[in-house]
Amino acid sequence: MGSEFRLHLKRDSLALTRRFQNREQVNTFARDGRPISLFDGGHFYQRGLNNAWLHKGREMSAGGDTRRFRKPLPLADAEARLHAIHSDLSLMKTSALTAEAQTAISSILHWTPEQLRHQGETFSEIYRPISILPPDQYLSIVLQLTEGCSYNACHFCNFYKDRPFRIKNTDEFARHLSEVKHFLGDLASLRKGIFLADGDALMTPQRRLIAAIGLLRDHWPELPLYSFMDAFRPQAKNLAQWRELQQLSLKRVYLGLESADPDLLAFLNKPGSPELMRSECKKLKAAGLSLGLIFMVGAGGQNYAQQHFDSMFIAFA
């Protein structure tokens with residue numbers, strides 16, 4: 001195996017590194033041994049909680065240029081890589097190691113491909129499909145207080161067409177919280193916040209929303225809260241309600257504005273108006289919340305391109 005094969009024990013993760021033939025491998029695991037990511041010679045393989053793997057790297061194009069890519073990694077390929085890692089670790093486990101290192105290796109070896117496939121099935125039992133998250137929320141704990149989207153009629157969006165909008169009742173949400181906590185185990189220590197899903201969980205009536213936040217605080221008392229919001233219809237919350245949520249550690253609200261051009265909004269069948277958008281954004285900021293404003297680049301094609309571009313800067317400059 002060689003002296004360059006090393007196991008690093010960190011507070012919330014395990015890392016296995018190896019250098020050979022001018023290549024570097026870095027394999028990262030949760031403290032309980034579940035694989036998080038594999039890095040090998042410039043290629044990065046990331047495992048999702050549903051046991052799907054993503055392959056990121058660089059490749060040569062037909063024209064000779066180097067370009068980045070990201071694509072699903074076939075499960076058989078991911079499992080072959082894990083088998084190779086487990087074989088190395090089985091040999092490493094026979095050498096003179098500390099008790100802590102032996103325990104760490106045993107925990108990694110526990111998670112066979114079969115065990116990980118079972119975890120993926122469990123994930124699908126706990127969650128409805130998580131259709132979309134803001135990129136900066138990929139390391140949050142996702143809690144589905146609601147399912148679907150309360151509007152669900154935008155022409156461009158098919159994220160929630162497979163489910164009607166509903167809010168989980170108290171017993172359902174409490175059970176969901178317990179299942180998520182048990183499923184995550186040590187992986188929870190790597191999560192930096194809580195994202196309330198699905199599409200517009202903040203449209204939940206205030207009293208029910210506050211009660212739900214109280215339930216989740218029994219499990220994760222300190223993590224900040226984030227969520228999507230469709231704030232451009234009559235049931236949007238008032239300033240006092242937003243301030244109340246801010247005091248309960250709601251940090252950022254993500255708003256799918258898509259455009260500030262009224263003609264394009266009508267074309268997209270998106271409710272609201274640029275004036276209402278500006279008003280709601282000011283209200284959220286007055287409540288002490290940060291905003292994540294989402295615009296659709298290229299929406300409407302060339303017919304709307306210039307007015308789409310101009311309207312965003314005029315409305316939110």
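Contact map, the range 165-183: first residue among the aliphatic types (A, V, I, L, M), second residue surrounded by fewer than 13 Cβ atoms within 10 Å (Cβ to Cβ), Cβ cut-off under 9 Å, separation 6 or more or different chains; pairs are I167/P205; A174/D218; L177/D218.
For the range 25-46, give me the residue count where each residue is part of a strand (DSSP E or B) and touching a Ser or Thr at 6+ places or on another chain (Cβ under 7 Å).
Just the residues of the range 25-46 that are part of a strand (DSSP E or B), to begin with: 25-30, 35-40, 43-46.
Okay, now just the ones that are also touching a Ser or Thr at 6+ places or on another chain (Cβ under 7 Å), so 25-26, 28-30, 36-37, 44-46.
Of the residues in that region, 10 qualify.
Quick grid of which residues meet (1) in contact (Cβ under 8 Å) with a residue 24 or more places away in the chain; (2) assigned by TED's automatic domain parsing to the domain that holds D12; (3) under 23 Å from L245 (Cα atoms):
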| residue | (1), (2), (3) |
| --- | --- |
| Y138 | no, no, yes |
| Q144 | yes, no, yes |
| E147 | yes, no, yes |
| C157 | no, no, no |
| I194 | yes, no, yes |
| L202 | yes, no, yes |
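Filtering the range 268-285 for residues that are surrounded by fewer than 17 Cβ atoms within 10 Å (Cβ to Cβ), in contact (Cβ under 8 Å) with a residue 40 or more places away in the chain and in contact with an Asp or Glu (Cβ under 9 Å, 6 or more places away or on another chain) leaves a non-empty set. Residue count for the range 261-276, restricted to those that are among the aliphatic types (A, V, I, L, M) and more than 19 Å from F156 (Cα to Cα): 1.
So, F39, is that one farther than 20 Å from R191 by Cα, surrounded by 16 or more Cβ atoms within 10 Å (Cβ to Cβ) and either at pLDDT 85 or above or of a type outside the set (D, E, K, R) (or both) or not?
Details: farther than 20 Å from R191 by Cα: yes; surrounded by 16 or more Cβ atoms within 10 Å (Cβ to Cβ): yes; either at pLDDT 85 or above or of a type outside the set (D, E, K, R) (or both): yes.
Judged against the criteria, F39 is a match.
Test L187 against the criterion of being crowded, with 16+ Cβ neighbours inside 10 Å, modelled with pLDDT of 95 or more and either out of contact with any strand residue (DSSP E or B) (no Cβ under 7 Å at 6 or more places or on another chain) or not assigned by TED's automatic domain parsing to the domain that holds I36 (or both), and give yes or no. Answer is no for this residue.
Among the residues in the range 64-76, are any surrounded by 16 or more Cβ atoms within 10 Å (Cβ to Cβ), without any contact (Cβ under 8 Å) to a residue 12 or more places away in the chain and under 22 Å from the mean Cα position of the chain (by Cα)? Looking through the range 64-76, none of the residues is surrounded by 16 or more Cβ atoms within 10 Å (Cβ to Cβ), without any contact (Cβ under 8 Å) to a residue 12 or more places away in the chain and under 22 Å from the mean Cα position of the chain (by Cα). Selection of the range 135-157 for residues being surrounded by fewer than 16 Cβ atoms within 10 Å (Cβ to Cβ) and closer than 14 Å to L225 by Cα yields D136, Y138, L139. Could you please let me know if D32 is among the charged types (D, E, K, R) and touching a residue at least 60 places away in the same chain (Cβ under 8 Å)? Spelling it out, D32 is indeed among the charged types (D, E, K, R) and touching a residue at least 60 places away in the same chain (Cβ under 8 Å).
Return a yes/no flag: does the range 171-180 have any residue that is within 18 Å of L245 (Cα to Cα), aliphatic (A, V, I, L, M), touching a strand residue (DSSP E or B) at 6+ places or on another chain (Cβ under 7 Å) and buried (at least 19 other Cβ atoms within 10 Å of the Cβ). For the range 171-180, residues within 18 Å of L245 (Cα to Cα), aliphatic (A, V, I, L, M), touching a strand residue (DSSP E or B) at 6+ places or on another chain (Cβ under 7 Å) and buried (at least 19 other Cβ atoms within 10 Å of the Cβ): absent. Scanning the range 190-226 for residues that are under 18 Å from the mean Cα position of the chain (by Cα), surrounded by fewer than 17 Cβ atoms within 10 Å (Cβ to Cβ) and of a type in the set (A, V, I, L, M, F, W, C) gives a single hit, L190. Beta carbons closer than 9 Å, at least 6 apart along the sequence or on distinct chains, pair a first residue in the range 204-227 that is in the same structural domain as S189 (by TED's automatic domain parsing) and farther than 20 Å from Y254 by Cβ with a second that is among the hydroxyl-bearing types (S, T, Y) and not in a loop (DSSP other than H, G, I, E, B) for R208/T170; A211/T170; L215/T170; H219/S178.
The values are calculated or read from the model by the stated rules, or taken from the named source; none is laboratory data. Here the structure is a predicted model, which means the values were calculated and not measured. Don't worry about glycine lacking a Cβ; one is built from the backbone with ideal geometry, like all the others, and counts go over all protein chains shown.
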